[in-house]
Amino acid sequence: MLSEALGDGVEVTLIDKSDSFVFGYSKLDVMFGRAEPKAVRLPYRDIAKPGVRFVQETITAIDAEARRVSTDAAIHDADVLVVALGADYDLDATPGLAEGGNEFYSVAGAERLAEILPTFSSGRAVIGVCGAPFKCPPAPSEAALLLHDLFSSRGVRDQCEISFLMPLPSPVPPSPETSRALIDAFAERDIAFSPSKRISSLDAARGMVVLDDGDELPYDLFLGVPKHRAPDVVIESGLTDGTYVPVDPRTLETRFPGVYAIGDCAQIGVPKAGVFAEGAARVVARALIAEAGRGERPEGYDGRGSCYIEFGAGRVGRVDVDFFSGPSPTGTFQAPSAALVAEKEHFGASRRERWFAGRSA
Ligand SMILES: Cc1cc2nc3c(=O)[nH]c(=O)nc-3n(C[C@H](O)[C@H](O)[C@H](O)COP(=O)(O)OP(=O)(O)OC[C@H]3O[C@@H](n4cnc5c(N)ncnc54)[C@H](O)[C@@H]3O)c2cc1C
């Protein structure tokens, strides 16, 4: 947006330690063998826009007061800093997870599971969310439904049990209708769903998931969502309140002038999902364009977003959530259909085009 509005009149430096972007939902595609890891990586070098420069460097310090970013290769001084470093996974916060379980929230974890799942033919598979908040609240539900499909297509479903534990009271709390549809889908597929469960550790030697109320659940294969936290470099910068970066939810401004935070590293009052990161980024971009004298100041961030939900059997549902309009968050549900499969595909393709091929979608 900055490039489109301001062209060479702006100098945008995009810093990422990784060479490529991967959509969150592509991790499920990799895990279930629906896509090769290579095919879902979108290289940042493809971002060729006037005024925009990508540097592949690791950020080692952020001085929010001075708006200065130090990396393993350089020091970058900025007039405006937009912190968008996401959330990291803290496997050690759940003892036993690293040794006795598998996580499916990173590309590497999804790749490992793509090798393990085809060899698992009998026993107890447990999908467990180890802490909240976590990215994309519907994703573990999707994993449970897709696991059912995978075992069914391999003819081993009768020999495999699937359980799903999460700390939230329902799969998608802002939308009871969506939660109901997911709970019905679990029941139809004999997936044992346990909400409001807190996992304290995995006892790999005994093959037990240990809950904080003392209960235990046996497992042969654990598919985990690790606890999340802001990256250390963000915590060390003093931008956080110990967890994530507090911001004005309407403007995404931090308490430091000229420093914004968006996406999973920020505490905005919306879920940690790409669609909200994108919406917040748009508000910041419009504010900066207005500051440059090229447009109206934006309305405050509206906290709205749509998430597509894989229900398995080739169908996708959709939930539209609204976090800021009313006194509490609301959501409306669109039942799974083949039409929504195409819509989800268009959602991804339009972003790929717009962000990576330099064309407007
Ligand atoms: C399985 C799964 C399914 C999902 N499905 C969906 C979905 O369907 N819809 C949806 O909207 N969201 C979904 N999400 C969530 C979505 O992926 C994230 O919420 C989104 O990517 C957050 O964007 P972000 O820019 O805040 O962080 P990220 O996308 O995580 O980007 C942060 C970037 O910062 C970089 N970085 C971190 N530390 C440093 C450092 N020290 N130096 C340099 N660079 C650094 C990282 O390399 C990374 O590229 C899903 C997530 C998962 C795991």
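Values quoted throughout were computed directly from the atomic coordinates according to the rules given, and no laboratory measurement underlies them. Everything numeric in this text was worked out from a predicted model, so none of it was measured.
Over the alpha-carbon set of the range 319-361, work out the extent along each principal axis and list the three values in angstrom, largest first.
Per principal axis, max minus min of the Cα coordinates gives 40, 26, 10 Å.
Please report, in whole Å, how far the alpha carbons of the chain spread along each principal axis, starting with the longest.
Taking max minus min along each principal axis of the Cα atoms, the chain gives 63, 43, 42 Å.
Mind listing the phi-derived Karplus ³J(HN,Hα) values for the range 14-29, rounded to whole Hz, using 6.51, -1.76 and 1.60 with θ = phi - 60°, and x for any glycine or proline?
Calculated HN-Hα couplings, in order: 9, 10, 8, 6, 8, 8, 8, 9, 10, 4, x, 5, 5, 5, 5, 4 Hz.
What whole-number distance in Å separates the alpha-carbon centres of the range 50-72 and the range 166-213?
Taking the Cα centre of each part, the range 50-72 and the range 166-213 sit 40 Å apart.
So for the range 89-228, what percent of the C-alpha to C-alpha distances run longer than 25 Å?
Numbers: 1953 of 9730 pairs.
The proportion of pairs with Cα distances above 25 Å equals 20 percent.
List the residues whose amide H sits under 5 Å from the amide H of GLY123, counting only those 5 or more places along or on another chain, with H placed 1.01 Å from N in the peptide plane.
CYS160, GLU161
Using the Karplus equation 6.51 cos²θ - 1.76 cosθ + 1.60 (θ = phi - 60°), what ³J(HN,Hα) coupling, rounded to whole Hz, does each residue of the range 159-176 give in order, writing x for Gly and Pro?
Values, residue by residue: 8, 10, 9, 10, 10, 9, 10, 9, x, 6, x, 7, x, 9, x, x, 10, x Hz.
Per-residue HN-Hα couplings for the range 43-55, Karplus 6.51 cos²θ - 1.76 cosθ + 1.60 at θ = phi - 60°, whole Hz, x for Gly and Pro?
Going residue by residue, I get x, 5, 5, 6, 7, 10, 9, x, x, 10, 10, 9, 10 Hz, with x marking Gly and Pro.
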